[in-house]
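Presented below is the structure to which this report refers.
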Amino acid sequence: MEKAAVQGDGLLIPLIDFSKFLDGSPAQKLETAKAILTGFQTAGFIYLSNIPIPPATVAHVFDTSASFFRLPASTKDSLAWSTPEANRGYSSPGREKVSQLTSSAAVSALRTSIPDIKESFEIGRDDEPSHPNRWPPETEETKLAGFKQTMTFFFTQLASLHTSVMRAIAVGMSLPETFFDRFVCDGDNTLRLLHYPAVRRDVFQINLGQVRAGEHSDYGSITFLFQDDRGGLQVQSPGGAFVDATPIEGTCVVNAGDLLARWSNETIKSTVHRVVEPPRKEESKEGETYPARYSIAYFCNPNFKDFIEAIPGTYATEADKKYEGINSGEYLVQRLKATY
Ligand SMILES: O=C(O)CCC(=O)C(=O)O
Ligand SMILES: [Fe+2]
C-alpha cells in the first residue's frame with residue numbers, strides 16, 4: 001500500500017510510486033491506478049515518486065529557471081505576458097493575483113492591497129504560430145545558452161507524463177486505458193517557472209494576509225508541481241484548514257484542476273492551495289529574511305479545441321450531470337481573464 005505524503009486535519013495526500021503503473025505487474029498497475037484516482041477523489045492532490053523524468057533533468061530546469069530570473073528587470077519586462085489567449089511570457093511581481101474571486105474588479109482591489117510576492121514566466125507549446133513563445137535572448141550577457149532547448153524538452157516530457165497520468169485515471173475509472181488520449185494529444189499545456197524572491201520575515205507580520213501566492217485552485221486537467229526544499233505550499237483540508245504540503249525529494253506533486261473536476265462530474269476534487277511563508281524552524285527575529293523559493297508548475301489541459309462533458313461512468317442518468325459541456329480553450333481563457 002502507498003504511504004502518506006501529507007496528513008493532517010482530515011487531509012491525506014498519498015505518496016504513490018508511479019513506476020508501478022508504468023512498469024509493474026498487471027495487479028500492481030491496477031492497484032496504482034486505483035490509488036491515483038482515489039487520491040484525486042479524496043484530497044485532489046497526490047505525490048508521485050519514480051516518474052520517468054530523471055532528477056538531473058529537473059535540477060537542470062531549476063538552474064536554468066534561476067538564471068532566467070537573474071536577468072535585469074528591463075530584459076524580463078521586454079518579454080511581458082500579454083493576453084489570456086497567448087498566456088505566454090513574463091509576469092513581474094504583482095501582475096497576477098490568484099484567488100477564488102471571480103470578478104476582475106474584486107481581484108484588482110485585492111492585488112493593489114496585498115500583491116503576491118512572486119514573478120513567473122510562462123511557456124506554451126512552441127508550434128502555435130498565432131501565439132509564439134517569448135524566448136529570452138541566449139547571448140553572452142544573458143548566460144542563457146540552451147534555455148529554449150531545455151524548456152521545450154521538459155515541456156515535451158511533461159506532456160507525455162500528462163498522458164500517462166490520464167491513463168492511470170482511466171484505468172482507475174474502469175474505462176479503456178487510452179480513453180483520454182484523444183483529449184490530451186495536442187499538448188495545450190503551460191510550463192510556468194516561478195520565483196518567490198527573498199522576503200523579510202516582518203512583511204508577513206506587517207501585512208496581515210500577506211502570502212507568496214494567494215489561495216486558488218488550478219484551472220485545467222492536472223498540474224505537475226516541482227518545488228525546491230524551502231516549503232510554504234499549503235493545501236486546504238476538507239475542514240478548511242491549510243496543511244503544509246512539505247517538499248519530499250525526488251517526488252512531484254500532482255493536483256487536479258477545475259476542468260477535470262467538472263469533467264468528472266465532481267467525482268474528482270480540485271483543491272484550494274496557496275504558498276505562504278515557510279514553516280518556522282526557529283524563533284524569528286525582526287529584519288531577518290526568508291530565502292528565495294523556486295518552483296516549476298506544468299498546467300495541463302484537455303486539447304483547447306475539445307468539448308468537455310461528463311466522463312462516462314460519472315453519472316447514472318442525464319439528470320445527474322452537474323454541468324453543461326464546455327469548450328476547453330474557452331474555459332481556460334475565461335478563467336485567466338479574471339486573474340490578470
Ligand atoms: O509554487 C507553488 O508551490 C505553487 C504554485 C501554484 O499553485 C500555481 O502557480 O498554481
Ligand atoms: Fe496552483
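Points to keep in mind about this one:
- For the range 6-21, residues that are surrounded by 17 or more Cβ atoms within 10 Å (Cβ to Cβ) and closer than 20 Å to Leu161 by Cα total 8.
- Taking every residue in the range 180-201 that is of a type in the set (Ser, Thr, Tyr) and pairing it with any residue that is within 14 Å of ligand 2 (Cβ to nearest atom) and outside any strand (DSSP E or B), at least 6 positions away or on another chain, the pairs with Cβ-Cβ distances below 7 Å are Tyr196/Lys118; Tyr196/Arg212.
- Scanning the range 197-213 for residues being farther than 30 Å from Phe180 by Cβ and within 16 Å of ligand 2 (Cβ to nearest atom) gives a total of 2.
- Residue match in the range 157-168 (condition: charged (D, E, K, R) and outside any helix (DSSP H, G or I)): no
- Per the conditions (1) surrounded by fewer than 20 Cβ atoms within 10 Å (Cβ to Cβ); (2) touching a Lys or Arg at 6+ places or on another chain (Cβ under 9 Å), the sole criterion not satisfied by Gly24 is (2).
- A count restricted to the range 140-182 and to residues that are loosely packed, with under 14 Cβ neighbours inside 10 Å and modelled with pLDDT under 95 stands at 3.
- 1 or more residues more than 27 Å from Ala261 (Cβ to Cβ): qualifying strands (runs of 3 or more DSSP E) within the range 189-242: 190-196
- Any hit, the range 253-264, residues being of a type in the set (A, V, I, L, M), touching a residue at least 24 places away in the same chain (Cβ under 8 Å) and under 25 Å from Arg201 (Cα atoms): no
- When Ala319 is tested against (1) assigned to a loop (DSSP other than H, G, I, E, B); (2) loosely packed, with under 14 Cβ neighbours inside 10 Å; (3) aliphatic (A, V, I, L, M), only condition (1) is not met.
- Selection status of Gly94, modelled with pLDDT under 95, at positive phi and within 19 Å of the chain's Cα centre (by Cα): yes
- Test: residue in the range 198-206 that is under 15 Å from the mean Cα position of the chain (by Cα) and either surrounded by fewer than 17 Cβ atoms within 10 Å (Cβ to Cβ) or modelled with pLDDT of 95 or more (or both): no
- Checking each residue of the range 75-90 against the condition of being modelled with pLDDT under 95 and buried (at least 20 other Cβ atoms within 10 Å of the Cβ) gives no match.
- Residue in the range 327-335 that is within 15 Å of ligand 2 (Cβ to nearest atom) and either within 18 Å of the chain's Cα centre (by Cα) or among the charged types (D, E, K, R) (or both) present: yes
- Cβ-Cβ under 9 Å pairs, at least 6 apart or on other chains, the range 13-36 side farther than 22 Å from Gln234 by Cα, far side surrounded by fewer than 18 Cβ atoms within 10 Å (Cβ to Cβ) and at pLDDT below 95: Glu31/Met1
- Summed over the range 134-146, residues that are hydrophobic (A, V, I, L, M, F, W, C) and either touching a Cys at 6+ places or on another chain (Cβ under 7 Å) or under 15 Å from Ser78 (Cβ atoms) (or both) total 2.
- When Phe183, Phe153 are checked against the criterion of being more than 16 Å from ligand 1 (Cβ to nearest atom), among the aromatic types (Phe, Trp, Tyr), assigned to a helix (DSSP H, G or I) and within 30 Å of Glu266 (Cβ to Cβ), Phe183 stands alone in meeting it.
The values are calculated or read from the model by the stated rules, or taken from the named source; none is laboratory data. These figures come from a predicted structure and were not determined experimentally. We place every Cβ from the backbone using ideal geometry, glycine too, and count neighbours over all the protein chains shown.
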